[in-house]
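Peer 1: Let me begin by handing over the structure; questions about it come next.
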Amino acid sequence: MITFIVRRLIATVFLLIVVSMITFAIFFLIPRLAGQNTYQLATEYVGRNPTRAAVLQLEAKLGLDHPIWVQYGNFLKGIVFGAHYNSGTSITYCPPPCFGYSFRTQQPVWPQMVSDLPVTLSLAIGAAVIWLVGGVAIGVISALKRGTLFDRFSMGIALAGVSLPIFFTGLISLELFSYKWPIFPNVTYVPILTNPALWARNLVLPWVTLAFLYAALYARLTRAGMLETMSEDFIRTARAKGLRERNVVVRHGLRAALTPILTIFGMDLGLLLGGAILTETTFSLPGLGQFTLLAIQNQDFPEIMGVVLLAAFFIVIANMLVDILYAVIDPRVRV
Amino acid sequence: MAMLEVRDLHVQFRTDDGLVKAVDGLSFDLERGRTLGIVGESGSGKSVTSLAIMGLHRSSDKGSGTEVTGQIRLDDEDLVSSSAERVRQLRGSKMAMIFQDPLSALHPYYSVGAQISEAYRVHNKVSKQVARKRAIDLLGRVGIPQPTVRVDDYPHQFSGGMRQRAMIAMALSCDPELLIADEPTTALDVTVQAQILDLIVDLQAEFGSAVIIITHDLGVVAEVADDVLVMYAGRVAEHGSGGDVFLQPGHPYTWGLLGSMPRLDVARLERLRPIRGTPPSLIHVPSGCPFHPRCNYPPQVGGDRCSTEIPVLMETGPGHRVACHLMLAKQQEIWAKLAPGAAAAEAAAAEETAATEETAAAEAAAEETAASAQPGEDVTEVEAT
């Protein structure tokens, strides 16, 4: 088991390196292979105002005329050790991990991302708990009561949840529960340390909106998984031993049905941590999603790079954790 | 009063295609310490019977439409009319079951020891340590080497025979008085089969429990069963001791089963003789005797009794019941001819007489042709010999 975890950790490190290479290649190598020269490349990344001077400055700053592996090496060095930027008048030091300076704010990208991260974390993890517990519970009950009114009703609502776009449900819930009936007035983000109660209260609408979408998916998945698992032979054996039905369903049935659900959960959470762009924008939450949107709108290249790498990092880590979790649950996987 | 008394058991499933009569009037007794072998083709109702005894038809979802009627009396307590909770308490503790494929019947995520402990703790309020000790003890009893190490292994880490032993250990954890083994050896190879059967017999002697073995393998039944119940289309075709059913069978279906077995002690004269036709649909069971479309003997019964009248189980000997319209004397007569040893002897005798007749005819013809002395007939002579 330990060897399994160590092997997965090593594999994850390699994977992260490969991810950084691919990201780097997307931004710096592929355009060159497609025929762009360094000036054209710098023009794309210089931001909103591509004056000739700015482009040349960026070209030098990014070191675009160096060989590609030197560029990549500098890039990695910047992430690990920090980088020095010679802007002509002075040399500024950008602490690790250094993704460069934002064009929009002229500040290092990383600290900005770090300050936005708690918002996204609050949103994602809160919604994740709700949708996992709620979705699985509804799925299990629907599977056990297959064909009944509860089943049809919940699956119908689940279909709606999966189909309706999140900005639609978000705006509707804002209109109803924030403006029309002021149950949750003034939905802005309050840090948890400032005021936990208000933090939670203001996040209820975003949580429920986001969770509604995923809970619907998970309810359907759990229902299908439970139906399949409950017809397995080991369920019959469990009953033959005289176990109470509740134990048969939860300890034998649900446990077996849950493994694929957990895999998907890991992936979903990993994706969400990279920035729930639609939800954050709908509810004006200043998280990584909004950050990403602004970065794209402003063509702020360092910010875009930073967000891409961070999101990839979350997904890779989430994958690794899910793999390990899978091995903990299913002994057949522990090779 | 026997330990297990089944009276007029009917199990029916409501399906979209119609009402499936899986078990259609089954009655038998089973005493403590005895082994009953239930034999039949796929679809004869053997497994459904065992699941009905264990009450496992109830637990599935409510809308399944399974109807169980009749009486199943375990130590004078009727299981069919008991509450689901009462039957649940008896399951595992008084009656236990082992299944055909131990790899799919054991939960893949829990260790074998954990599953055995669980079976024990459902019916006995003991600590985890005590239950674990019991699991190790049982694993040793069923012949698994190094039980203290293997108790924490998972089912996929065992071989097929070991897994089945572990299942048996799990079933015996609460000292059940009735053990039902549903095709316990079908998924195993032959040498392992023998070991498992020996194990079941030994454990039965040790625990004094009654055993029902369900199988389609007549060899297995002959090996372990005291009594044999032959089922066809959800009904009893024949029921008696092993000796009765194998040596003096009275039902044409049993004759067919025994006759279709390849044998080592009979020279390979001809092809295997299967029972013609296919097992009947349980939704549209044939009228009268369910076996009559595949039976060779309705002409001997006379009239159309076989296709109109359901045969009643009749005693043809002490403890031997057969459900067939053929008269007892007729049954014995036909079996005397059919019995494999007899058939071979007859065939050999018939061949001999045919051969001697042929040679006599050839000689007679030779004398005639010698008298007429024609070249063409010389050729014929050579052919005849």
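Peer 1: Return yes or no: is A:D151 within 14 Å of chain B (Cβ to nearest Cβ) and either touching a Leu at 6+ places or on another chain (Cβ under 7 Å) or in a helix (DSSP H, G or I) (or both)? Before the answer, list the steps.
Peer 2: On the way: within 14 Å of chain B (Cβ to nearest Cβ): yes; either touching a Leu at 6+ places or on another chain (Cβ under 7 Å) or in a helix (DSSP H, G or I) (or both): yes.
Yes, satisfied.
Peer 1: Shifting gears a bit: Being touching a helix residue (DSSP H, G or I) at 6+ places or on another chain (Cβ under 7 Å) and either more than 10 Å from chain B (Cβ to nearest Cβ) or of a type in the set (F, W, Y) (or both) narrows it down to one of A:L217, A:L176, so name that one. Break it down into steps so the answer makes sense when it comes.
Peer 2: Numbers: A:L176 fails: touching a helix residue (DSSP H, G or I) at 6+ places or on another chain (Cβ under 7 Å).
The unique qualifying residue is A:L217.
Peer 1: Which of the following residues is in a strand (DSSP E or B) and either buried (at least 23 other Cβ atoms within 10 Å of the Cβ) or at pLDDT below 90 (or both): B:R7, B:R14? Walk me through how you get there before you give the answer.
Peer 2: On the way: B:R7 fails: either buried (at least 23 other Cβ atoms within 10 Å of the Cβ) or at pLDDT below 90 (or both).
Step by step, each of B:R7, B:R14 is checked, and only B:R14 is in a strand (DSSP E or B) and either buried (at least 23 other Cβ atoms within 10 Å of the Cβ) or at pLDDT below 90 (or both).
Peer 1: Need pairs with beta-carbon distance below 6 Å; first residue touching a residue at least 24 places away in the same chain (Cβ under 8 Å) and within the range A:130-156, second acidic (D, E) and assigned to a helix (DSSP H, G or I); sequence gap 6+ or separate chains.
Peer 2: A:S142/A:D151
Peer 1: Of all residues in the range B:240-273, which are at pLDDT below 80 and among the aliphatic types (A, V, I, L, M)?
Peer 2: Those that are at pLDDT below 80 and among the aliphatic types (A, V, I, L, M): B:L264, B:V266, B:A267, B:L269, B:L272.
Peer 1: Within the range A:121-141, is there a residue that is in contact with a Gly (Cβ under 7 Å, 6 or more places away or on another chain), part of a loop (DSSP other than H, G, I, E, B), surrounded by 14 or more Cβ atoms within 10 Å (Cβ to Cβ) and not acidic (D, E)?
Peer 2: In the first step, residues of the range A:121-141 are kept if they are in contact with a Gly (Cβ under 7 Å, 6 or more places away or on another chain); the result is A:123.
Among the residues that remain, those that are also part of a loop (DSSP other than H, G, I, E, B) are: none.
The answer is no; no qualifying residue exists.
Peer 1: Moving on. Quick test for you: out of B:T186, B:T191, pick the one residue that is modelled with pLDDT under 90, over 21 Å from B:G55 (Cβ atoms), surrounded by fewer than 19 Cβ atoms within 10 Å (Cβ to Cβ) and within 14 Å of another protein chain (Cβ to nearest Cβ).
Peer 2: Numbers: B:T191 fails: within 14 Å of another protein chain (Cβ to nearest Cβ).
Result: B:T186 is the single residue among B:T186, B:T191 that is modelled with pLDDT under 90, over 21 Å from B:G55 (Cβ atoms), surrounded by fewer than 19 Cβ atoms within 10 Å (Cβ to Cβ) and within 14 Å of another protein chain (Cβ to nearest Cβ).
Peer 1: Quick one: count up the residues across the range B:290-301 that are in a loop (DSSP other than H, G, I, E, B) and farther than 18 Å from B:W335 by Cβ. Before you say what the answer is, go through the steps one by one.
Peer 2: Of all residues in the range B:290-301, those in a loop (DSSP other than H, G, I, E, B) come to B:290-291, B:295-297.
Now restrict to residues that are farther than 18 Å from B:W335 by Cβ: B:290.
Residues that pass the stated criteria total 1.
Peer 1: Need the failing condition index for A:L210 against (1) crowded, with 24+ Cβ neighbours inside 10 Å; (2) in contact (Cβ under 8 Å) with a residue 12 or more places away in the chain; (3) touching a Lys or Arg at 6+ places or on another chain (Cβ under 8 Å), just the number.
Peer 2: (3)
Peer 1: Going through the range A:278-303 one residue at a time, which ones are part of a helix (DSSP H, G or I) and either modelled with pLDDT under 85 or crowded, with 20+ Cβ neighbours inside 10 Å (or both)?
Peer 2: Residues of the range A:278-303 that are part of a helix (DSSP H, G or I), as a first pass: A:278-282, A:288-297, A:301-303.
A:T279, A:E280, A:T282, A:L288, A:G289, A:Q290, A:F291, A:T292, A:A295, A:F301, A:P302, A:E303 - these are the residues of the range A:278-303 that are part of a helix (DSSP H, G or I) and either modelled with pLDDT under 85 or crowded, with 20+ Cβ neighbours inside 10 Å (or both).
Peer 1: Counting only residues that are among the polar types (S, T, N, Q) and buried (at least 22 other Cβ atoms within 10 Å of the Cβ), which one in the range B:104-123 is nearest to the other protein chains (Cβ to nearest Cβ)?
Peer 2: B:Q115
Peer 1: Based on this model, can you work out whether A:I157 counts as touching a helix residue (DSSP H, G or I) at 6+ places or on another chain (Cβ under 8 Å) and in a helix (DSSP H, G or I)? Outline the logic, then answer.
Peer 2: Details: touching a helix residue (DSSP H, G or I) at 6+ places or on another chain (Cβ under 8 Å): yes; in a helix (DSSP H, G or I): yes.
Yes, satisfied.
Peer 1: Any idea which of B:L197, B:L178 is out of contact with any Asp or Glu (no Cβ under 9 Å at 6 or more places or on another chain) and either of a type in the set (S, T, Y) or closer than 30 Å to B:L257 by Cβ (or both)?
Peer 2: Values: B:L197 fails: out of contact with any Asp or Glu (no Cβ under 9 Å at 6 or more places or on another chain).
Result of the check over B:L197, B:L178: B:L178.
Peer 1: Has the range A:11-26 got any residue that is small (G, A, S), within 22 Å of the chain's Cα centre (by Cα) and over 18 Å from A:G306 (Cα atoms)?
Peer 2: Yes - at least one qualifying residue is present in the range A:11-26.
Peer 1: Okay, next question. Any residue in the range A:48-62 that is in contact (Cβ under 8 Å) with a residue 12 or more places away in the chain and among the β-branched types (V, I, T) sitting within a Cβ distance under 7 Å of a residue that is surrounded by 11 or more Cβ atoms within 10 Å (Cβ to Cβ) and not in a helix (DSSP H, G or I)? List the pairs, counting only those 6 or more apart or interchain.
Peer 2: A:V55/A:V46
Peer 1: Let me ask another. Just to check your reading of the model, which residue among B:S50, B:S27, B:S42 is in contact (Cβ under 8 Å) with a residue 12 or more places away in the chain and closer than 18 Å to B:L90 by Cβ? Steps first, please.
Peer 2: Details: B:S27 fails: closer than 18 Å to B:L90 by Cβ; B:S42 fails: closer than 18 Å to B:L90 by Cβ.
Going through B:S50, B:S27, B:S42 in turn, just one is in contact (Cβ under 8 Å) with a residue 12 or more places away in the chain and closer than 18 Å to B:L90 by Cβ: B:S50.
Peer 1: A follow-up question, please. How many of the residues making up the range A:29-50 are charged (D, E, K, R) and part of a loop (DSSP other than H, G, I, E, B)? Talk me through it step by step, then tell me what you get.
Peer 2: Kept after step one, since they are charged (D, E, K, R), are these residues of the range A:29-50: A:32, A:44, A:48.
After this cut, where a residue has to be part of a loop (DSSP other than H, G, I, E, B) as well, the list is A:48.
Number of matching residues: 1.
Peer 1: Next question. Could you say whether any residue in the range A:267-278 is within 10 Å of chain B (Cβ to nearest Cβ) and of a type in the set (G, A, S)?
Peer 2: Residues of the range A:267-278 within 10 Å of chain B (Cβ to nearest Cβ): none.
Looking for residues that are within 10 Å of chain B (Cβ to nearest Cβ) and of a type in the set (G, A, S), one finds none in the range A:267-278, hence no.
Peer 1: Mind checking which pairs have a first residue in the range A:89-111 that is over 23 Å from A:S20 (Cβ atoms) and a second that is crowded, with 21+ Cβ neighbours inside 10 Å, Cβ under 6 Å, 6 or more apart or different chains?
Peer 2: Pairs that qualify, where the first residue is over 23 Å from A:S20 (Cβ atoms) and the partner is crowded, with 21+ Cβ neighbours inside 10 Å, are A:R104/A:D300.
Peer 1: Still on this structure, please answer the following. Quick test of your reading of the structure: B:T49 fulfils all but one of (1) surrounded by fewer than 22 Cβ atoms within 10 Å (Cβ to Cβ); (2) more than 14 Å from every other protein chain (Cβ to nearest Cβ); (3) closer than 23 Å to B:I196 by Cα. Name the failing condition by number.
Peer 2: (1)
Peer 1: Hey, could you check the range A:229-244 for residues that are part of a helix (DSSP H, G or I) and not basic (K, R) and say which is farthest from the other protein chains (Cβ to nearest Cβ)?
Peer 2: Step one: filter the range A:229-244 for residues part of a helix (DSSP H, G or I), giving A:229-230, A:233-240.
The next check asks that each one be not basic (K, R); those that pass are A:229-230, A:233-235, A:237-238, A:240.
On the way: A:T229: 10, A:M230: 8, A:D233: 4, A:F234: 4, A:I235: 9, A:T237: 5, A:A238: 7, A:A240: 5 Å.
Going through the qualifying residues, I end up with A:T229.
Peer 1: Related question: For the condition under 11 Å from A:L269 (Cβ atoms) and hydrophobic (A, V, I, L, M, F, W, C), what is the one hit in A:L121, A:L144, A:L117? Full working, then the answer.
Peer 2: Values: A:L144 fails: under 11 Å from A:L269 (Cβ atoms); A:L117 fails: under 11 Å from A:L269 (Cβ atoms).
Within the list A:L121, A:L144, A:L117, the selection yields A:L121.
Peer 1: Residue check: is B:G65 more than 9 Å from chain A (Cβ to nearest Cβ), in contact with a Lys or Arg (Cβ under 6 Å, 6 or more places away or on another chain) and surrounded by 20 or more Cβ atoms within 10 Å (Cβ to Cβ)? I'd like the intermediate steps shown before the answer.
Peer 2: Working: more than 9 Å from chain A (Cβ to nearest Cβ): yes; in contact with a Lys or Arg (Cβ under 6 Å, 6 or more places away or on another chain): yes; surrounded by 20 or more Cβ atoms within 10 Å (Cβ to Cβ): no.
So B:G65 does not fit the description; no.
Peer 1: Looking at B:D101, B:D78 in this structure, which one is modelled with pLDDT under 95 and over 23 Å from B:H10 (Cβ atoms)? Can you show your working first?
Peer 2: Details: B:D78 fails: over 23 Å from B:H10 (Cβ atoms).
The unique qualifying residue is B:D101.
Peer 1: Could you grab the pairs with beta carbons closer than 8 Å, sequence gap of 6+ or different chains, first residue in the range A:245-266 and farther than 18 Å from A:L325 by Cα and in a helix (DSSP H, G or I), second one at pLDDT below 90 and of a type outside the set (A, V, I, L, M, F, W, C)?
Peer 2: A:E245/B:S59; A:V248/B:S59
Peer 1: Then there is this: Filter the range A:180-228 down to residues that are assigned to a helix (DSSP H, G or I) and either within 30 Å of B:S104 (Cβ to Cβ) or not basic (K, R) (or both), then give me how many there are.
Peer 2: Pass one, the range A:180-228, residues assigned to a helix (DSSP H, G or I): A:180, A:196-228.
The next check asks that each one be either within 30 Å of B:S104 (Cβ to Cβ) or not basic (K, R) (or both); those that pass are A:196-200, A:202-228.
Selection size over the range A:180-228: 32.
The values are calculated or read from the model by the stated rules, or taken from the named source; none is laboratory data. Keep in mind the model is a prediction, meaning the values are calculated, not measured. Methodologically, a virtual Cβ is constructed for each residue, glycine included, from the backbone with ideal geometry; neighbour enumeration extends over all protein chains shown.
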